[in-house]
Every structure is written in C-alpha cells, then in structure tokens.
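Heads up: the structure comes next, in structure tokens.
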Amino acid sequence: MTQFKLFYQMILRPLRQESLRTTIAVLSVALGVAAVIAIELAGDAAAGSFRSSMETLLGDAAFEVTAVGGVGPEVAARLATLPYPIKIRPRMEAYAMISATRRAVPLLGVDLVAESFSGGVDGGLTEAGAFDSGDSVWVGSSLGYQAGDRLQLAINDSSAQYTVRGILAAGSGDVILMDLATAAHVLGNGGKLDRILIEVPDDLHFANSVDQWEAILRAALPPGLTVAREGTQTEENRRMLAAFRWNLRVLSYVSLAVGAFLIFNTISVSVVRRRFEIGILRALGITRGGVLAGFLGEAAVLGLLGAVGGIVLGRLMAIGAMGMVAATVQSLYVSSQPGAISLTWMDAWIALAIGVGVSVISAFSPAWEASLVTPVEAMARGQKEHQARMHSRRDLIAAAVFGACAWIASQQGPVEGKPMFGYLAAVLLLGASALTMPALVAGLTVVLAGVMRAIFGVEALLATRGLAGSLRRSSVLVGALSTALAMLVAVGIMVGSFRQTVLVWMDDRLQADLYLRPAGAPGTDRHPTMSAEIPRDLAKLTEVESIDTLRAYEISYQGLPVTLGGLDARLAGHYGKRPLLSGAEPRTVWPKLVGRDALLVSEPFANKHNVHAGDTLMLPLGAANIPFRVLDVYYDYSNERGFILMDRGTLLKYLPDARPSDVAVYLKPGVPAEQGRRRIQAALAGRKVLISSNRSLRQEAIRIFDRTFAITYALEAVAVFVAIMGVGGALLALVIDRRREFGLLSFLGASHGQVRRIILFEAGLLGLLANVAGVILGFLLSLLLIFVINKQSFGWTFQFHWPFAVLLSGLSIVYVATVAAGIYPARVATGLVPIEVIHEE
C-alpha cells in the first residue's frame, strides 16, 4: 500500500494535474495503435474473401480440375467412368454486371439437376424445370431480388434480360446461377468448362489419404490439365498478396514509432522535472529498482490508456481503410468481395500488448537514467545536457556504424519473397538518424544563432540558445518529427517516381488511337471476351489502318497467378515501344515470336520467378505441357501479378479460341479519333463494347494509380499528425520545465510579446531542423524503397524522380503546423506570474 501511495503521489497525480500533456502522450500512442489495428482489420476484410461467392457453393469438393483455355466436356465424361464412387460437378465461371446497379457479380454455370440432387446448392431451386427456357437464373438472397423478377445482365459483349426463378439460401453470397447449357450459349465458350469439382469418399477402402486420391486423378487425366486441392487458388492469391499486406503493416508501424519517440520525450521530461524529488526519495531509502519501476509504470499507464483508445479508434478507422485497401487489391491483384470488419479479442490483446510494450520499451532509457540519480546529483540540473553534448561525437561514430550496416543489409536478397533485409536497413537508418540528432541540433543552432539574431532580433537568439541548452530533449523531439517527415518524403518520392515512370511507360505502350473491351466487368484476374467477328468487321472499315487483338488467360506458375496473353507480334514490333531490359530494339525482337514457341515476360514475372532471357518455361496449354523459350524481358507496370506474352498465332495453335479480350484500333493518318469512334459504334451496333480513346485510357490509368496509393498517403498523414501533436506537447512540457527561465525574463522586463516570440521561434527552429533532417533521411529511405523494398516485393523497376511540388507543399504545411503548435505553449508561458516563479527558485 505504501508503494502504491508513493506511485500515485509521484507518478499518477502529476499525470492528472498535467492533463493536456498526458492527453497528448496518450493520443500519440492511441493513433499509432489505431493505425496498426485499422490496417490489420481492413486487410483481413478487404483481402480475405477471394472469389467468395464462388467458393461458398463449393460444397464438399476436395479437388478441382482446371486447364488454361478451359476443360473439355469429354474430361468430365472420362472422370465419370472411373471405377470409384466420386462425384463430378462441372462449372463455368464468369462475371455478370447487373445493368440497374452497375454491380459486378460472379456468374456460375452449373448442372442444376445434378447439383440439386447432390445437395451442392442449398435450396432455392423451386422451379427445377424452368432452366429449359434458356433465360432462367437463380440469385443469392443478398442481391435483393425475388422470384419472378426480370434482371438485365451484361455478360462479355452482350446484354439480355433473364428471369429470376429462385432465390438461393442465406449465406450463398452475391452470386448468379444458370444451367450449364444456358451458360455455354451466353458465354460463347463452345462448352468448355472452367473447373470440374470432385468429391471423394471418406471410405478408407478406396484410398487412405488425399495424396492417393490426387495420384489417381492425375493418372486419369491428360498431362496439360491441373489437379489441385480445393482452396489452392485462394492460397495462391494469399501468397501473392503477402508482400502487399506486409508493406502496409510496416508502414502502419511508422506512426507507432513516432508515438514511441514522444513517449520517450514525455518520460524524459518527467525525469528532468522530478530529479530533485528523486534525489530526496533516494536519500530516504527508495532503491534504484523502485525508481525504475515507477517511471516504467508511468509509461505503462500511458501505453495502456493509449492502447484502449487505439482499439476503439482503430475499429472506426478500419472502415475507411478497408475501402482504400479493397480498391488497391481490386486494381492490382485479384477480385475480392470485402468481408465484414471483425475485431476479435485476440486483436484487442495484441493492441494492448503493442501499446504497453512500445511505451515501456521507449521509456526504459529515461527511466534507467532516473534510477541512477543519487542525492548528490539531484540538484545538478544541467548534467545530462552536458553529457549529451559531450557524447555527441561518440554518437556520430555509432551512427556511421549503423549506416554501414544499413548499406550491407540493403545488398541482401529477399527472404521468402519479403524484403526483410530492406526493412532492417531502414531500421538501421532510423537508428543512425536518431544518434545523429544531438550533433545536428547542436551544430545547426550554433550556425543559426548569429543569423537568427541579425534577422529576427534577440528573441530568436534566445530561442536558438534555449534549444541548444535543452539539447537532450530537443534532439529527441527533432528526431520524432524528422522520422515522420522522412517517411513522408520517402513515400512521396517513391510514389512520385512510380507515377512519372508509369506516365513515360504509357507513352511507349499506348500507341493505338482507340481501344475496345467488353462492357462487362473486367479486372486484374478476369478477362471477359468479345465476339471473334468484331475485329474482322472493324478491319473492313475504310478509316481503320490496322487491328491488334489481345486474348488473356489466367494461369498459375510455380504456385502464383500470372496472366498469359497472345497478341499480333508483328504489329507490336511495328507500333509498340515497350522497352526491353536487354536494351534491344523492340522492332527487332517482337517479330521473332511469330511462328515460334517463344515468348516475352514482364519484369515483375521475371523477378518473382527468377526468369531470364534464354530460359525455357513449361506452360500447360490445353491438354499438353509445351516448352517455350524466353526471348527477352520487358518493362511493364500494368499488372503486379506478371505477364507472359506470345504471338497470337502461336496461342491459337494450342488454344483455338479466336475471341479477343481487348482490341486496339489504329486509324489511318488524318482520321480524327471521334470520327473513328462513330464509325466503330455504327459497325458494332447492338454489341455491349466500351470504346476508349488513347487520352481517356491514360486518364483512367492515372486515376486508378492515385486511388491505389490513397491508403499510403493516409498512413503518412497519421504519422505526421502524431508528430506535430507531439511538438505541441513537447513545447508545452519545455515551457513548464523552463518556467523559472521565462519567469525570470518577465521579471527582468521582457514583454509578453517577446516571450511569445521566443516560444514560436523555438517551434519554427524545431520545424526547420526536422525538415532538414527529414529530407536527408527521407532521400536515403526512398532509395531503399525504390531499389530494394519495392523491387523485391513487387518486381517493378522505376526511375528516380523528385516530385518537387508535392514535397514542397507537404513540408510547408507541416512547418506551418509545427509553428502553430507553439501558440498554446506560448500562451502558457506568458501567463506565468514572475514573482511566484522566483519564489519557487
């Protein structure tokens, strides 16, 4: 009880009395924890439900049979003749867009009779004979339709009305079902199946393990077909997204790290302000362990309060974060229906552990300093500041060592696809920056002292010397703000460099005048098709000079999804300017694909799978595995999954489906784009095709790019806000700690305006020092982000670019906010009563 009373009197009561400073420290931790929780919850919700509606209706399937280009119906017949009691469930899969709501929904073609008898579909097939009409669909209950409703659906390049015959049971998800025969007619795929689901019995008499069943099925199928266990595709998508989720998670830790700086500063101020009391307590018999436990307890209280607030705030922030994360996932990775945000007890306990743990760890150094205070040293207020100045040279040497270690770490390769050494290098750079802060603050204040006095007067000089006199605390504060600014600068440079590289890349790639795609629901992992007659009809128009077509398929290579495409290699060599990693001229390389089993791969694919020019890839096409030689690697920024490109003629040789996914139209010289658009619209009357001009396609690509990085900017904004808020809190603490100094100035005749200007000059100097340190550190971190972390995570290489306008505006806003953060502490300083302060001394 005595110890608790002492803890209350020495630690808890000052926290309550200085409510503003305590609130700022708690809110700093809360925002850091909230950012971590929000990103974790949003990531789970946005990326945790791949192909959810399709998977909901899997039933008890243990295996799935797939093939690039589709599985022939004869394969299902072959499987049905196997002498085993297995259940065969063929599937056709696509996406339909509900015209009334413009909403893309998974479309499944199933054997309705077999599915209804097998129980694979849960209820809703109340009119089992209705599918004979050819316009019948069954929809998930969550779509909000009733039996008998008419539904306008856009599928590929066609649009038609369908009758809702039944509603699937609750929990089936957003999905539309139709019979296999109807789906084959609507999709125009010649009866090809996208998947065959297989249920196997549990009876050990037939096979004693899943491996044996897999071996039986593989032996019964042609070599080009893939037999995978249920959920394999989902696992591939999760693996692909791992680096993205990890990078977001690391970025969310930045605000937590800034909060840790501020907890360090808060406890440091507490120690400095209570050195006299600590000395008395030590003289009365309190052990060093008791003092250490007291200040660590203060940090734990701040961390606990911040973590509790962070859990609540993080749950709210997750709603907005989920939208941004989901948009990025949809744009770059895979179709995913966002799930519900679920905050579990485990998440809450992790948040509490993070908040308390980070606070206690960050407070350990000042708490240890407090435990070393002896009664004799208690009145030596300037001792620690003197030591900070004396040790600055030693810290610079340690910073150089950290920097060297960071360079060594940056030269290492990824670990299981994650740039772990890149992150280590970034942490080492942050450590080196923190060690450099005392010398930087001391050096710049000496340099600026004369200049500040000459320009702004004696108040600026006193502000400069005030920061130098409180070197230990001011360097920590500059370190906290500069860390947040460094991440702002680093991410700004990275995104700006990426954006500029994409703009240049689009100039090289988008050479056609008009681009056509189905009006259905395209996506990174889905490629609706158009009728094969469309390019033939367009080629007959007098305004058209050339037509290029792209047919894309989703395949799996080494356990990761990738896009396979076929295009006219001659046209690509003539019009296209896709730069190649080898430096060879595209016009000499692309024609070499014609008539050969050869291909080009994108840089992300090459980096993920360690593929180089001259290598041979085995690709499963149709019912065979075909070897292809890699001629070169090309730069590509359209798809993080990776691209494999071959000549359209070669693709048709193995997958004879002439329906294109995209069509590029080159108009004859002198033909305006709008005139060409009108002629194409007239030629394709009745078909649901979107026609985009070269310019509009570029604008849409940049819009998607900016939306993709919205979550990155939001996380940086949180970190910077935490740092600015910390500046206000720290300045307030400095005013309270230096109240004798300001009281003495007032006693000697300084006006309120002069005292106010001293505080605002200090805030301005802190902002200036943080900007200088932040830009230098941010530049170094940007090199890591661009050439190490990004390259190892995503496989992209882009050119370094300084986005001066963005950085200048961002840093200016932060600087103004930093100066504004000194307004309230300045009011507190001017409110001090000089005679009371002198009496305290």
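Heavy atoms only, probe 1.4 angstrom, no DNA, RNA or ligands counted: give me 249, 394 ranked by accessible area, highest first. Could you put the intermediate results ahead of the total?
On the way: 249 45, 394 135 Å².
Highest to lowest solvent-accessible surface, that is 394, 249.
For the range 484-561, what is the convex hull volume of its Cα atoms per residue in Å³? Could you put the intermediate results ahead of the total?
Details: hull volume 13.6 nm³, N = 78.
Per-residue hull volume (Cα only) is 174 Å³.
For residue 624 and residue 209, FRET efficiency with R0 = 22 Å and r from the beta-carbon atoms, rounded to 0.05?
Values: r = 29 Å, r/R0 = 1.30.
Rounded to the nearest 0.05, the efficiency is 0.15.
If you take the square roots of the eigenvalues of the alpha-carbon gyration tensor of the range 554-666 and sort them as a ≥ b ≥ c, do you get rounded (a/c under 1.5), prolate (a/b over b/c) or oblate? Can you show the working numbers first?
Details: a/c = 1.37, a/b = 1.05, b/c = 1.30.
The shape class here is rounded.
Please list, short to long, the whole-number percent of alpha-carbon pairs of the range 415-554 in consecutive 5 angstrom bins beginning at zero.
Using 5 Å bins, I get a P(r) of 2, 7, 9, 9, 10, 9, 8, 7, 6, 6, 5, 5, 6, 5, 4, 2, 0 for the range 415-554.
Can you compute the modelled spin-label distance between residue 169 and residue 404, with each label point 7 Å from Cα toward Cβ, in nm?
Spacing of the two 7 Å Cα→Cβ label points: 6.9 nm.
Can you send over the carbon and sulfur percentage of the accessible area for the range 608-683, probe radius 1.4 Å, protein chains only?
On the way: 1610 of 3120 Å².
In the range 608-683, the share of accessible area belonging to carbon and sulfur is 52 percent.
For a quick protection proxy, order the peptides 433-442, 542-551 by their average other-Cβ count within 10 Å, most packed first.
Working: 433-442: 23.6, 542-551: 18.9.
My ranking of the peptides, most packed first, is 433-442, 542-551.
Full-extension gain between residue 113 and residue 808, please, as 0.36 nm times their residue separation minus the C-alpha to C-alpha distance. Each step should come with its number before you reach the end.
Details: separation 695, 0.36 × 695 = 250.20 nm, distance 6.56 nm.
My answer for the length gained is 243.6 nm.
Taking 0.36 nm per residue of separation and subtracting the Cα-Cα distance, what length does fully extending residue 710 through residue 692 add? Provide the component values of the computation, followed by the final result.
Working: separation 18, 0.36 × 18 = 6.48 nm, distance 2.50 nm.
Extra length available between residue 710 and residue 692 comes to 4.0 nm.
Taking a spot 7 Å from the Cα of residue 393 along the direction of its beta carbon, which residues of the range 419-459 have an amide N less than 20 Å from it?
So the set is 435-447.
Residue by residue through the range 583-594, what is 3J(HN,Hα) from phi via Karplus (6.51 cos²θ - 1.76 cosθ + 1.60, θ = phi - 60°)? Round to whole Hz and write x for glycine and proline.
Taking θ as phi minus 60°, the curve returns x, 5, 6, x, 5, 8, 8, 4, x, 5, 6, 5 Hz for the range 583-594.
Give the calculated FRET efficiency between residue 685 and residue 717 to the nearest 0.05, with a Förster radius of 56 Å applied to their Cβ-Cβ distance. Don't skip to the end; give the middle numbers.
Numbers: r = 49 Å, r/R0 = 0.87.
For R0 = 56 Å, the calculated efficiency reads 0.70.
Once both labels are modelled 7 Å past Cα along the beta-carbon direction, what's the residue 416-residue 446 spacing in nm?
4.9 nm
Between residue 699 and residue 582, with labels modelled 7 Å along Cα→Cβ, what's the label distance in nm to one decimal, could you check?
Once both label points are built, they end up 4.0 nm from each other.
How do the peptides 677-684, 786-793, 655-662 rank, highest first, by the average count of neighbouring beta carbon atoms within 10 Å per residue?
Working: 677-684: 15.6, 786-793: 20.9, 655-662: 18.8.
Top of the packing list down: 786-793, 655-662, 677-684.
Could you calculate the FRET efficiency of residue 675 with residue 507 from 1/(1 + (r/R0)^6), where r is the beta carbon distance between them and R0 is 22 Å, rounded to 0.05? Don't skip to the end; give the middle numbers.
Details: r = 24 Å, r/R0 = 1.08.
With a Förster radius of 22 Å, E is 0.40.
In terms of modelled amide H atoms, which long-range or inter-chain residues lie less than 5 Å from the amide H of residue 619?
Hits under the 5 Å cutoff: 626, 628.
Rounded to whole Å, give me the distance from the Cα center of the range 63-77 to that of the range 632-704.
29 Å
Expressed in nm to one decimal, what extension gain is obtained for the pair residue 456 and residue 500 from 0.36 nm per residue of sequence separation less their Cα-Cα distance? It would help to have the intermediate numbers written out before the result.
Details: separation 44, 0.36 × 44 = 15.84 nm, distance 4.08 nm.
Taking residue 456 through residue 500 to full extension adds about 11.8 nm, to one decimal.
What ranking of 505, 138, 407 comes out by heavy-atom accessible area, probe 1.4 Å, highest first?
407, 505, 138
Sorted by packing (mean other beta-carbon atoms within 10 Å per residue), highest first, where do 316-322, 586-592, 621-627, 298-304 land?
Peptide ranking by packing, descending: 298-304, 316-322, 586-592, 621-627.
Tally Lys/Arg at +1 and Asp/Glu at -1 over every other residue whose Cβ is under 13 Å from the Cβ of residue 644; what's the total? Walk me through the intermediate numbers first.
Numbers: positive: 551, 608, 629, 641; negative: 554, 597, 603, 615, 632, 636, 647.
Local charge sum for residue 644: -3.
List every residue whose amide H lies under 5 Å from the amide H of residue 160, counting only residues 5 or more places away in sequence or on a different chain, with H placed 1.01 Å from N in the peptide plane.
So residue 160 has HN proximity to 153, 155.
The values are calculated or read from the model by the stated rules, or taken from the named source; none is laboratory data. The structure displayed is predicted, hence computed values, not measured ones. All Cβ positions, even for glycine, are placed from backbone atoms using ideal geometry, and neighbour counts span all protein chains on display. Areas reflect the complete protein model, heavy atoms only, side chains present, ligands, DNA and RNA absent. Shrake-Rupley method; radii C 1.70, N 1.55, O 1.52, S 1.80 Å.
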